[in-house]
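Take a look at the structure below.
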Amino acid sequence: MIRGPHIRSAANTVGTADANDSADDEESELGEEDFLRDLLAAGPVPSKEVESKAGEEGFNFKHLRKVLKKVGGRCEKVGQGGPWVWRLESSPNFPESVQVSEVSHS
């Protein structure tokens, strides 16, 4: 058995790992918040496009739904047969007459 300052208990090791994971989660969520704010700054974006760009950036689309509320955004349906779009509450209302091609942010 090795003695001295190099001995770490399993509880200490797990506690350190949990603290590191928590810090990583917070940093990741801040990155997701920034991603959504930047993406939605110009106005509503179709949900399919948000999902595609999130995948390109390595973000979990399902988790972004939770983060959307934290940044003051929401997801809403455009008209009866229109697409779902994500937008920030601070952006102007999304008129039902706008077509998806007009919303696309390339």
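Looking only at region 61-71, filter to residues that are touching a residue at least 12 places away in the same chain (Cβ under 8 Å) and more than 8 Å from the chain's Cα centre (by Cα); which one of those is nearest to residue 87 (Cα to Cα)? I'd like the intermediate steps shown before the answer.
Just the residues of region 61-71 that are touching a residue at least 12 places away in the same chain (Cβ under 8 Å), to begin with: 63-64, 67-68, 70-71.
Pick out the ones that are also more than 8 Å from the chain's Cα centre (by Cα) and you get 70-71.
Details: 70: 12, 71: 10 Å.
Restricting to residues being touching a residue at least 12 places away in the same chain (Cβ under 8 Å) and more than 8 Å from the chain's Cα centre (by Cα), the top hit is 71.
Count, please, the residues in region 29-60 that happen to be under 8 Å from the mean Cα position of the chain (by Cα) and aliphatic (A, V, I, L, M).
2
Residue by residue through region 79-106, note down the ones that are at pLDDT 60 or above, within 16 Å of residue 42 (Cβ to Cβ) and not small (Gly, Ala, Ser).
Correct list: 85, 86, 87, 88, 89, 92.
State yes or no: is residue 81 loosely packed, with under 13 Cβ neighbours inside 10 Å and either in contact (Cβ under 8 Å) with a residue 24 or more places away in the chain or more than 19 Å from residue 29 (Cβ to Cβ) (or both)? Let's see the steps before the verdict.
On the way: loosely packed, with under 13 Cβ neighbours inside 10 Å: yes; either in contact (Cβ under 8 Å) with a residue 24 or more places away in the chain or more than 19 Å from residue 29 (Cβ to Cβ) (or both): yes.
Yes.
(1) over 11 Å from the mean Cα position of the chain (by Cα); (2) in a helix (DSSP H, G or I): which one isn't true of residue 74, the others all being true?
(2)
List the residue pairs whose Cβ atoms are under 6 Å apart, where the first residue sits in region 42-57 and is within 15 Å of residue 74 (Cα to Cα), the second is assigned to a helix (DSSP H, G or I) and of a type in the set (Val, Ile, Thr), and the two are 6 or more positions apart or on different chains.
Qualifying pairs under 6 Å: 44/103; 46/100; 46/103.
For region 52-64, does any single residue satisfy the condition of being of a type in the set (A, V, I, L, M, F, W, C), modelled with pLDDT of 85 or more and in a strand (DSSP E or B)? Steps first, please.
First, pick out the residues of region 52-64 that are of a type in the set (A, V, I, L, M, F, W, C): 54, 59, 61, 64.
So of that shortlist, the ones also modelled with pLDDT of 85 or more come out as 54, 59, 61, 64.
This time we only want the ones that are in a strand (DSSP E or B), so: none.
Within region 52-64, not a single residue is of a type in the set (A, V, I, L, M, F, W, C), modelled with pLDDT of 85 or more and in a strand (DSSP E or B).
The values are calculated or read from the model by the stated rules, or taken from the named source; none is laboratory data. All values derive from a computational prediction rather than experimental measurement. Methodologically, a virtual Cβ is constructed for each residue, glycine included, from the backbone with ideal geometry; neighbour enumeration extends over all protein chains shown.
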